[in-house]
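Data first, discussion second: the structure below is written as structure tokens.
The values are calculated or read from the model by the stated rules, or taken from the named source; none is laboratory data. Just so it is clear, the model here is predicted, and its values are computed rather than measured. Using ideal geometry, Cβ is built from the backbone for each residue, glycine included, and neighbour counts are taken over all protein chains shown. Ligands, DNA and RNA are stripped out before the accessible areas are found, and what is left, the full protein with its side chains, is counted by its heavy atoms. Shrake-Rupley method; radii C 1.70, N 1.55, O 1.52, S 1.80 Å.
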Amino acid sequence: MSGNASLGLGKIKFGNATDVALPWPALVVLISGLALVLGAFIPVVHFAAASDDVGSSLVEAIADPVIWRALRFTLWQASLSTILSVVFAVPVALFMHDRGNFAGKRLILQLFSIPLALPQIVAVLAIVGLYGRNGWITGLLQGLGLPNFTLFGLTGILLAHVFFNMPLVVRVMMLALERQPAEYAKIAAMNAMPWQSRARFLHWPMARAACAQAAILVFMLCVTSFTVVLTLGGGPRATTLEVAIYHALTFDFNLARATALIALQVTVTASIAILISRFGRETDTGSTLFAPDSVGVGGGAKIDAFAYAILFMPVMFVALPFANIVAKGVTPETLNVLTKPATVDALITSVSLASCSAVLTTLAAFALGHGICRLAAQRRFVGDATIVEKFLLNSTAAVLVLPPIVLAAGWFILFRSFTNPFQFGAVVIVAINTLMALPFAARLMVPSMLTEARRTDRLSRQLGITGISKLRIVDLPLLRKPLLAAFSFAAALSLGDVSVIALYGSQDLITLPSLILAKMGSYRSDEAHILAFILCVLTAAIMIVGDRQRRAA
Amino acid sequence: MLPKLSLKFSSRTPAILTALLASTVIATAEGKLTVYTYESFNSDWGPGPKVEEAFEAQCECDLEFISAADGVALLNRLRLEGGNTGADIVLGIDTNLMAEAAASGFFAPHELEVSDRYTIPGGFIDDTFVAFDYGYFAVIYDTDEIETPPSSMAELLSGDPEVKIAIQDPRTSTPGLGLMLWLKEIYGDDAPAAYEKLAERTLTVTPGWSEAYGLFTDGEVPMVLSYTTSPAYHMIAEETDRYQAAAFEEGHYMQIELAGKTTKGADNPLAAEFLDFVTSPSFQSIIPETNWMLPAAANGVDLNPTFDKLVTPEKSLLMDSEVVAENRKEWINEWLEASTK
């Protein structure tokens, strides 16, 4: 099925491709990201060095059995969470793609974009409301005469992590699958391929790379999990390195130890991420026809019923906690809370900050993707991705294991030496949220960008369409879907952020999630439930608007 | 309709951000007092807005609150600022952090004669910090589920392991640290055995107060570690007697919340005036029903009669702040060791 050879396009000389170095937009993103991280860490290390030595703290931390126990449990729960999230996500993604456009598909994808935007405490309490002692599901299971299970412990941690991450893997895989050439579906139909073969030979090769990349993200998110692990873990036996880092940063205020622990965390997770990335080889679709619509292959009422039956459990698994949030959040008080000046202010602040981060994130991801495509063009899209290409994509994920609060603290130290740091509160929040959302956006966009580059770059060059014109005529229309997906995801992630605001918040800078946490911290859980519901509606609205514009275009 | 809405937001964005940036600029003009405090103190339902109104009426100046997440974050913000702080006053450090805060050198003596105003059991004397409220840690239970609550720590530890309690982690939360010190104060060197017993009754150890209390009010767990004043909130604001504190024979561990002026604030006459105001009846009357703690100087405060229904410990326990600062690390490791057995 290699279009390259049959059409002879592979031999076309590609401009002065051999001279192409990393283009400047990707370089700008890379340097700004690096500057953002180093600009934070150099002041922190410098500050720490005044009282303690990072090197000796590292030695001390490595020798500490408490740290080893924490590291062991961190890796154990993160590996299990990642495996489970991927194992449940793969059939859902392959199946949804195989079925083409069925009623409710877009709704499911929209639903699957919301979990990551929820503050962890809200999601945790919603999950407890389902599977806890008095939970709906627990009641249902007891009604069916099934034995009780204890939520608190590894079970609870895994349940919550799969809730947060399985939908993420599905979303990333679905976008990769949508690049599948329409010919594939037609050939499969002509050959009457059974679904097992379609999944194995058509869909999986398209989704494999995206799946590995999503797994890396999930692993990193689970490594740094904090509220979920402590609250649902049932006791200090369930702990992560992140808890030790937080402890060193807050109660102990030992920046040297915190830096040492972060170094340990980055080293260990980066090695595992590299290991995972070896599994995700990209698949070359060659120069197939331009018709990448998802045309379902299977069909018939019997199969439809089968499809819904398979999707029922995972969809319910993600939807029910939201049902719980809605049930708690829709009260006679909801409208009152929504129209309070404090709520309106927090909404405006949250939406402003999130839209700034989302725009920046999308631009940065596009620039990175552009760089990766250029590099791939240098090897004429043939063979495996080079180390530099992999580095460009995966280095963005590394920031996920840096606690945002350390980045915030570093910039705080830097700013206060010449000005009042609070002036830059909004800027730092937007910058750090952009950095944290970039790995997600990059993973949503890069696979599609590579496919489109492979399909259109040579022809565009032949026709002399370059620069802005190429962007306007070729890239933007083709990449509208992944661009909007990246934008909505970045917006949702920034909407849910509570980490950076903790250091820069003042009476003028209160976001919706920080308002929720404040209400929960002072007995007002009823209002917190309502605000959590509003946050969910807001996130859902962003997803739906993104979707709608896409269809209109 | 929807695209229009999003357009409106995006065209407003720059203006909003400029406004945000501009409003966080701290003017150093005269007649201005900057107070760092924890978030819930300065929320619209907390004491902050009322305190601001009352003090501004008295001083004819501008009072500005800047909030950090909690007491620990407050002290850490001062450390990050390294003496070059914007704060005149820091309000919300507690007795567990007092020694470390005093040793940091960021605070100036208050030079006020306020110790005779305090109605805190056992009194309070300190040259640097002024007490503004206090409370006791307590086990709060759900009367719908528990008829006879434990009457002592010993009973709590030896009770039915199927009836669970949610507690907080001493590594990440003030009440968690309070519980650990409470057990340490009662049991001394035998504390590890007590931690082990408590672990058997513990449903989960949460990172902060909010998660544990949320689990409790959601009905997931019938007991939670909180304050003796927690029932006052439910009785006054929600008009329910359902959640009550269990009185313990051994006594209850105490937390006193403090305010102090920074070395920068020492040059601002308003800072001294504010610390005096903190122990006055007008500030003290705001505290009980906004911060849900007990007023540190209750004379002249018209306390809601509901507060009389609360558990009043016969014995209040409080360790010396210096001892806590010296031993905290070792004790936390001891707790960790015992609770992971």
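Here are some notes:
- Counting Lys and Arg as +1 and Asp and Glu as -1 over every other residue whose Cβ lies under 13 Å from the Cβ of residue A:533, the net charge comes to -1.
- Ligands, DNA and RNA left out, the 1.4 Å accessible surface of the protein assembly as shown is 62% carbon and sulfur atoms.
- Centre-to-centre separation between the Cα atoms of region B:227-285 and those of region A:156-197: 56 Å.
- Tensor-based shape of region A:203-262 (alpha-carbon gyration tensor, a/c under 1.5 rounded, otherwise prolate or oblate): oblate
- Along its principal axes, region A:77-167 has C-alpha extents of 39, 30, 23 angstrom, given from the largest down.
- Taking 20 Å as the limit for the C-alpha separation, the pairs A:340/A:519; B:184/B:341; B:184/B:309 exceed it in the case of B:184/B:309.
- Region B:178-238: mean projected area of Cα convex hull, nm²: 4.8
- On Cα atoms only, tilt of B:48-59 relative to the major axis of chain B in degrees: 50
- Each eigenvalue of the Cα gyration tensor of region B:29-119, multiplied by 5 and square-rooted, gives one semi-axis; in descending order these are 21, 17, 15 Å.
- Alpha-carbon Rg with Dmax, taken over region B:29-80, Å: 11.8, 33
- Measure of compaction for region A:330-449 (Cα Rg per 2.2 N^0.38 Å): 1.42
- Candidate aspartates and glutamates - alpha carbon under 14 Å from residue B:50, same-chain residues fewer than 8 apart omitted: B:62, B:64, B:289
- Based on C-alpha pairs under 8 angstrom that are at least 6 apart in sequence, region B:58-149 has a relative contact order of 18 percent.
- Summing +1 for each Lys or Arg and -1 for each Asp or Glu among the other residues whose beta-carbon sits under 13 angstrom from that of residue A:397 gives +2.
- Percentage relative contact order, chain B, counting C-alpha pairs under 8 Å, at least six apart: 25
- Estimated buried accessible area (total), pair B and A, 1.4 Å, Å² to nearest 100: 6300
- In nm, spacing of pseudo-spin labels at residue A:335 and residue A:461 (7 Å Cα→C-beta vector): 6.2
- Bridge orientation summary for the protein assembly as shown: considering DSSP beta bridges with both residues in this region, about 55 percent are antiparallel.
- Its relative contact order, with pairs defined as Cα atoms under 8 Å and 6+ residues apart, puts region A:104-204 at 28 percent.
- Cα principal axis extents for region A:426-485, largest first, Å: 44, 21, 15
- Considered as an equivalent ellipsoid built on the Cα gyration tensor, region A:165-212 has semi-axes of 22, 11, 8 Å, the largest given first.
- For residues of B:38-51, the mean tally of beta carbons on other chains within 10 Å: 4
- P(r) tail for region B:95-204: Cα pairs beyond 25 Å make up 39% of the total.
- Residue-averaged [θ]222 nm for chain B, counting only DSSP H segments that reach four residues, each worth -39500 (n - 2.57): -12000 deg cm²/dmol
- Of all aspartates and glutamates in the structure, those lying under 18 Å Cα to Cα from residue A:481, and not within fewer than 8 positions of it along the same chain, are A:178, A:293, A:452, A:547.
- Taking one quarter of the surface of the C-alpha convex hull of region A:83-130 gives a mean projected area of 4.3 nm².
- Solvent accessible area, Å² - residue A:427, 1.4 Å probe, full protein context: 80
- Residue A:327 versus residue A:146: modelled label distance in nm, points set 7 Å from Cα along the beta carbon direction: 1.6
- Per residue of peptide A:400-409, the mean number of Cβ atoms on other chains within 10 Å of the residue Cβ is 1.
- For residues of A:347-355, the mean tally of beta carbons on other chains within 10 Å: 4
- Three-way shape call for the protein assembly as shown based on the alpha-carbon gyration tensor, with the a/c threshold at 1.5: prolate
- Dimensionless Rg/Rh of region B:128-275 - Kirkwood Rh, Rg from C-alpha atoms: 1.06
- Nearest-10 value in Å² for the accessible area of residue A:373, using the 1.4 Å probe: 10
- Sequence-distant aspartates and glutamates (8 or more away, or on other chains) whose Cα lies within less than 15 Å of residue B:329: A:60, A:64, A:252, B:100, B:169, B:337
- Protection proxy ranking of A:153-163, A:378-388 - average other beta-carbon atoms within 10 Å, highest first: A:153-163, A:378-388
- Förster radius 51 Å - calculated FRET efficiency between residue A:200 and residue B:57 (Cβ-Cβ, nearest 0.05): 0.10
- Under the shape rule built on the C-alpha gyration tensor, where the axes satisfy a ≥ b ≥ c, chain B is prolate, since a/c reaches at least 1.5 and a/b is greater than b/c.
- Our helix-only sum for chain A, with -39,500 (n - 2.57) per DSSP H run of n ≥ 4 divided by its residues, gives a mean residue ellipticity at 222 nm of -24000 deg cm²/dmol.
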